[in-house]
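Here's the structure, in C-alpha cells; my notes come after.
The values are calculated or read from the model by the stated rules, or taken from the named source; none is laboratory data. Only a predicted model underlies this, so the values are computations on that prediction, with no experimental measurement involved. Quick reminder, even Gly has a Cβ in these numbers, built from the backbone with ideal geometry, and neighbours come from all protein chains shown.
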C-alpha cells in the first residue's frame, strides 16, 4: 500500500461528529457532553483546512442546556444547510436542528423534535438528506417513551422540516440510513438487518414501500454479530450496496472481533464479495462523493481506505488516534479524509488523486501476471506431451 501524508491536529475538545461544507472547510461537532462539570462547552466549530494546517474560522456555541452535537449532515449538492442532532435538557427536546451556512458562519434556522424518550442514552444518530432535486427530504431517527425497544424513522421535507407522513416504527436502533444516487431507494440498517424501501415523494407526502430485506451472512452464522452501516454505491458503482458488519464478542478475552465489508448486487441482492477490514469492530465509515473510495475507522485506533470496485486495501494508518474514531468524512473532491475522536484531535489524510486508478492498475497487472503464468504452463505442458 502507498504511504500518504497525514497529520493530527489538536482542537481542544472531544469530537463526536463532522461534515465538510466545502472542499476546504469542515464543521466539527463536540464538547464536554451533557455534564457541565467538564468545563468544555458544546459547540459547532468551523475550520478552514489546507494541506498541512487548520485555521479556526468561526464557532457556534450551544446553550448550557444543550448536549454536544452527535450527528451532522449536509446535502451532496447546494451545501447551504447543515442538519445536526443536538439533545437539550429543556423541554421540549428539539433535537433536530437546521443551520444556515453563510460562508464560514452558522445560524440556527429551525428546529423540531424526534426524540420523545426520557432515556439519557437516546440521541439522534442519523439525518440523511435525499439527492432528489424536485422533492428533497431528510430522514431522521427518533425514539418514544412508551416504546424504548423500537426506533421511529421520521420523514420530513427539506429544508422546511415538515413531517410528510406518520413515523415508521422499526424494531431496534436505527444505526444508518442512506439514499441511492437517484434518491429512489433508501437503505435503513439496524443491528440485525438492512431494509430497503422504494421512495415515492411529492410536495405533500412521502411513501416508503419495503422492497427488500437482507441479513448479512455473518449475522446468520454468528447470532452475536451486528450490522453497522449500509451505503449505496455512487458513480460507476450505483448497482451496489455496501454493508459493514462487526462480528460477535470473542469467547476469549483477547480474541479478535473483526469488522467486515460486503458488496451486494442490488439487481439480484446477492453477495459480490466480502472482506475483513480489521481485527476489531468498525466504528465509522464514509463513501467518497465520486463513489470510488470507502473509508473506515476501527476500534483498534486505525483509519483505512479501500477500493469501492475491488474492496482491496489502499491506505492504512495505524494509531491514528488515542481513542476510537467517532466520525470521518471525505471532502467533496475526495482529496482529503478527516477523522475525529474524543481524544480532542482531528486527523487529515491527504488522498492521492490517482489512488483508485492505482488499484485498477494493480488489478490489471495481477491479471496480466496470471495470464502469463497460465500461458507458460500451457507451453510447458505441450513440450512435455511432445516428449
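Can you list residue pairs whose Cβ atoms sit under 6 Å apart, with the first residue in segment 137-150 being without any contact (Cβ under 8 Å) to a residue 24 or more places away in the chain and assigned by TED's automatic domain parsing to the domain that holds residue 168 and the second being surrounded by fewer than 24 Cβ atoms within 10 Å (Cβ to Cβ) and in a strand (DSSP E or B)? Count only pairs 6 or more apart in sequence or on different chains.
Sorted first by the residue in segment 137-150, then by its partner, the pairs are 150/169; 150/171.
Among 57, 45, which is in contact (Cβ under 8 Å) with a residue 12 or more places away in the chain and over 24 Å from the mean Cα position of the chain (by Cα)? Outline the logic, then answer.
Details: 45 fails: over 24 Å from the mean Cα position of the chain (by Cα).
Answer to the selection: 57.
Could you run through segment 292-313 and say how many residues are surrounded by fewer than 22 Cβ atoms within 10 Å (Cβ to Cβ) and without any contact (Cβ under 8 Å) to a residue 60 or more places away in the chain?
Here the count works out to 9.
Of all residues in segment 206-224, how many are modelled with pLDDT of 90 or more and either surrounded by 15 or more Cβ atoms within 10 Å (Cβ to Cβ) or more than 21 Å from the chain's Cα centre (by Cα) (or both)? Reasoning before the result, please.
We begin by selecting, within segment 206-224, every residue modelled with pLDDT of 90 or more; these are 206-214.
With the extra rule that they be either surrounded by 15 or more Cβ atoms within 10 Å (Cβ to Cβ) or more than 21 Å from the chain's Cα centre (by Cα) (or both), the set shrinks to 206-212, 214.
Summing the residues that are modelled with pLDDT of 90 or more and either surrounded by 15 or more Cβ atoms within 10 Å (Cβ to Cβ) or more than 21 Å from the chain's Cα centre (by Cα) (or both) in segment 206-224 gives 8.
Does residue 271 fit the bill of being in contact (Cβ under 8 Å) with a residue 12 or more places away in the chain and within 20 Å of the chain's Cα centre (by Cα)? Explain how you work it out, then say what you get.
Values: in contact (Cβ under 8 Å) with a residue 12 or more places away in the chain: yes; within 20 Å of the chain's Cα centre (by Cα): no.
No, not satisfied.
Can you pull out the strands (runs of 3 or more DSSP E) entirely within segment 1-51 that have at least 2 residues that are at pLDDT 95 or above and under 24 Å from residue 124 (Cα atoms)?
Values: elements: 6-10, 15-22, 25-30, 43-49.
Once the strands (runs of 3 or more DSSP E) in segment 1-51 are filtered for at least 2 residues that are at pLDDT 95 or above and under 24 Å from residue 124 (Cα atoms), what remains is 15-22, 25-30, 43-49.
Just to check your reading of the model, which residue among 345, 329, 322 is touching a strand residue (DSSP E or B) at 6+ places or on another chain (Cβ under 8 Å) and without any contact (Cβ under 8 Å) to a residue 24 or more places away in the chain?
Numbers: 345 fails: without any contact (Cβ under 8 Å) to a residue 24 or more places away in the chain; 329 fails: without any contact (Cβ under 8 Å) to a residue 24 or more places away in the chain.
Sole residue among the options that is touching a strand residue (DSSP E or B) at 6+ places or on another chain (Cβ under 8 Å) and without any contact (Cβ under 8 Å) to a residue 24 or more places away in the chain: 322.
Quick one: count up the residues across segment 81-100 that are over 16 Å from residue 68 (Cβ atoms) and either modelled with pLDDT under 95 or surrounded by fewer than 17 Cβ atoms within 10 Å (Cβ to Cβ) (or both).
Residues that pass the stated criteria total 3.
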